[in-house]
Structure formats: structure tokens, C-alpha cells
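A short write-up of the structure that comes next.
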Amino acid sequence: MTVRAIRGAIQVERDEELHLLESVKTLLKKIMYANDLSPDDLISVVFTSTPDLVSAFPAAAAREMGLDHVPLMCAQELNIVGALPRMVRILAHVQTHRKSSDIRHIYLGGAAALRNDLAQKEKGGVTL
């Protein structure tokens, strides 16, 4: 097994606790599914959010998913003029047999603008 880092991001529609937590769960689940990960493969996860998100800790979504034994940490993004609002980013450290070129980074919704080269395209609710 090799240690790899996986990135992901999602732009939430509004700063509301339930919406924020559900959005982060969606992102984390898609990262895990796309990279064929189980909870035991997670070493640690760092969550960041933009300063305009204050309704919940993004890591709480992972706890609600049952990731009780994974070290989690939240931090705030820099408040840069012109940055996309309402963004949550994930940096997951994982154990995997995948080569770095086979890791799938997930950027959903408005976050796709951050990395058009890595963003997951969706059509009719299906990731292409």
C-alpha cells in the first residue's frame, strides 16, 4: 500500500447547517467511491471552508457518516478578493494500491471552476 493525497471541493448553495453537512457528505462519498476506498483506507482528512461558511464544521459530516476513528481537522481558507464563495475543500490522505495517475480528484458544482481539468462532469445526475 502507498500513501496518496486526494483533493476535492464543493460549492454549497447556502450557509445552512443541514445543507452544508449533506453537501460535504456527498463530496466525501464521491471521493471514496471514485477511488474505491473504505473507511479503513483513510489516514486523515483536512477540511477547509471559506470565511462565509459559519453554520457547521465540515468535519461533522464525516463523523455523521461513521468515520469515528479517522483524524479530522477543519481550517479556514484565506479570504482572498475574487475567490469563489461558499467553498468546502477536502484533502484526504489515504492508503491505496492505485498509482498517483489513477487517483480521481472530485470537484462538484461551482467548484468545478477551480480545476476544470479534474472536475467530474455530470449529466442527469450521473457522473461521466
Worksheet, complete the sentence: the chain, Gaussian network, Cα under 10 Å: of 44, 101, 55, the residue fluctuating most is 101
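So what is the calculated 222 nm ellipticity per residue for the chain, using -39500 (n - 2.57) for each DSSP H run with n of 4 or more, over all residues, to the nearest 500 deg cm²/dmol?
-6000 deg cm²/dmol
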Worksheet, complete the sentence: Under the 7 Å Cα-to-Cβ spin-label approximation, residue 36 and residue 16 lie apart by a distance in nanometres of 3.9 nm
Practice prompt. Pull up the cross-link candidates among the aspartates and glutamates for residue 99, meaning alpha carbon to alpha carbon under 14 Å and not fewer than 8 places away within one chain.
Written response: 36
Response to the item:
Note, region 5-10: 3J(HN,Hα) by Karplus (6.51, -1.76, 1.60, θ = phi - 60°), whole Hz, Gly/Pro = x, goes 10, 10, 9, x, 7, 8
Item to complete: Starting with the highest mean, order 103-109, 80-86, 17-23 by the number of other Cβ atoms within 10 Å, averaged over the residues of each peptide.
Response: 103-109, 17-23, 80-86
Worksheet, complete the sentence: Taking N as the residue count of region 2-120, its alpha carbon Rg divided by 2.2 N^0.38 Å gives 1.00
Worksheet, complete the sentence: So residue 77 and residue 100, fully extended at 0.36 nm per residue minus their Cα-Cα distance, gain in nm 5.7 nm
Worksheet item: Going toward the positive end of the dipole of the chain, with +1 on Lys and Arg Cβ and -1 on Asp and Glu Cβ, which of 19, 106, 53 do you reach last?
Response: 106
Practice prompt. Taking H placed 1.01 Å from N in the peptide plane, check which residues at least 5 places from residue 44 or on another chain put their amide H under 5 Å from its amide H.
Written response: 93
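Coordinate-derived values only; no laboratory data. This structure is a prediction, so every number in the text was calculated from the model and none was measured. So basically every Cβ, Gly included, is an ideal-geometry build from the backbone, and we count neighbours across all protein chains shown.
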